[in-house]
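The values are calculated or read from the model by the stated rules, or taken from the named source; none is laboratory data. Fair warning: this is a prediction, and the values are worked out from it, not measured in the lab. Here Cβ is always computed from backbone atoms with ideal geometry, including for glycine, and neighbour counts include all displayed protein chains. Remember, those area values only see protein heavy atoms, side chains included, never the ligands or the DNA or RNA. Shrake-Rupley method; radii C 1.70, N 1.55, O 1.52, S 1.80 Å.
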Amino acid sequence: MELSWEIIGSLFLVASVAGFIDAIAGGGGMLTVPALLAAGIPPAQTLATNKLQSTFGSFSAALYFVRNGLVQLKTMRIAIACTFSGSLMGAGLVQVMDAGVLTNLIPVLLFAIALYFLFVPSTTTGSGEPKLSEWGFALTVGMGVGFYDGFFGPGTGSLFTVCFVLIAQLGIVEATARTKVLNFTSNLAALLLFIMAGLPIWEVGLAMAVGGFLGARMGAKVVVTRGRQFIRPMVVLVSMTMAVKLMLDQNPQWLDKHFWVNNSALWWADLVSYVQSAWV
C-alpha cells in the first residue's frame, strides 16, 4: 500500500517516542500499533510491521546496556535460547488460535505489577539469593514470557522486569537491562515468522525502525544515568495505562455514558429490592 511521506514522517516520530518509553518501562506498542492502524494499515500487517520496528528499538536498547556493562550475554545464553524458542511457538500458535483468554488475563497481571512497584519498598539491590536456578528461570520465565510475546505481546517488558526483580533478585536497573535483551530475542523470533508470511510493510517498518532505534538509545541512556528513581514510576505508569487500554478495548461499552446511566438505574433498583426483601 502507498502512504504519503507526511504519514511516514508522523509514524517515524511516534516510533521515536515509543522507543524511548519502551527502553525504560516497555509499552511502546501502545503508541505504535494505534498509529499504524490509524494510517489505514490492515491489522495483520500492522502487527508484523510493528514487530519489525520494535525489534530495532529493543536491539538498540539492549546493545547500549551490553556496551555499558549492565549485561553479560554469556550469562544469559540459556534464557536467550528458551525465550527465542518460546516466542517462535507463540507466534506460530497465534495464527491458529484465539488470544481471547490472554486479553482477559493480562490487564489483571499489569495492575498487579503496577501495584507491586508502587507500594513495595525498593529494597532489592541485586545481592539477594535467586529463587530459581539459571535453567529454572530460563525454562519458566524465558520460555513462558517469550511464548506470551509471540502469541499476544502487550506488557512483555513489565512481565520480564518484575520476574527479574522478584525471582532473580536483581536490582531494577539490571533487571531492565536484561529485560531488553530478552525482549529483543522474542521480537526477533516472532519477526522471522512474520517475514516468512510476507506481512511486514518494509518502507513503513524501516522508517519507524530508525525512529525507534534513536528513541530507544535515549531511553537506555536515561536508565543508566537516572536508574531506579526514573524506572519505577515509569513502570507503574505504563503498566496502569496498558491495563486500562486493554480493558477498554475489550469493553468499549464502558465509554458510552448511556451504559452507566442504564446500569446504575438497574443496580439501584436491585439494591432497593434487596433492602425491601430483607426488611420484610
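At a glance:
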quantity: Over the stretch 119-198: Rg over Rh, Cα atoms, Kirkwood Rh; calculated: 1.04
quantity: Relative contact order (%) - criterion: Cα under 8 Å, at least six apart; region: the stretch 1-104; calculated: 18
quantity: Cα-based convex hull volume of the stretch 7-109 per residue, rounded to whole Å³; calculated: 127
quantity: Percent breakdown of C-alpha pair distances by 5 Å bin, ordered from the shortest bin, for the stretch 36-89; calculated: 4, 17, 15, 21, 17, 11, 8, 6, 1
quantity: Estimated distance in nm for a label pair at residue 93 and residue 81, the labels positioned 7 Å out from Cα along Cα-to-Cβ; calculated: 2.1
quantity: Net lengthening on full extension, residue 4/residue 66 (0.36 nm per residue, minus Cα-Cα); calculated: 18.6 nm
quantity: At 1.002 mPa s and 20 °C, Stokes D of the stretch 147-256 from Kirkwood alpha-carbon radius, µm² per second; calculated: 135
quantity: Dimensions (Å) - the stretch 1-53, Cα atoms, principal axes, largest first; calculated: 33, 23, 16
quantity: Ranked order, 202, 5 - accessible area, probe 1.4 Å, largest first; calculated: 5, 202
quantity: Most to least packed among 74-84, 13-23 [average Cβ atoms within 10 Å]; calculated: 13-23, 74-84
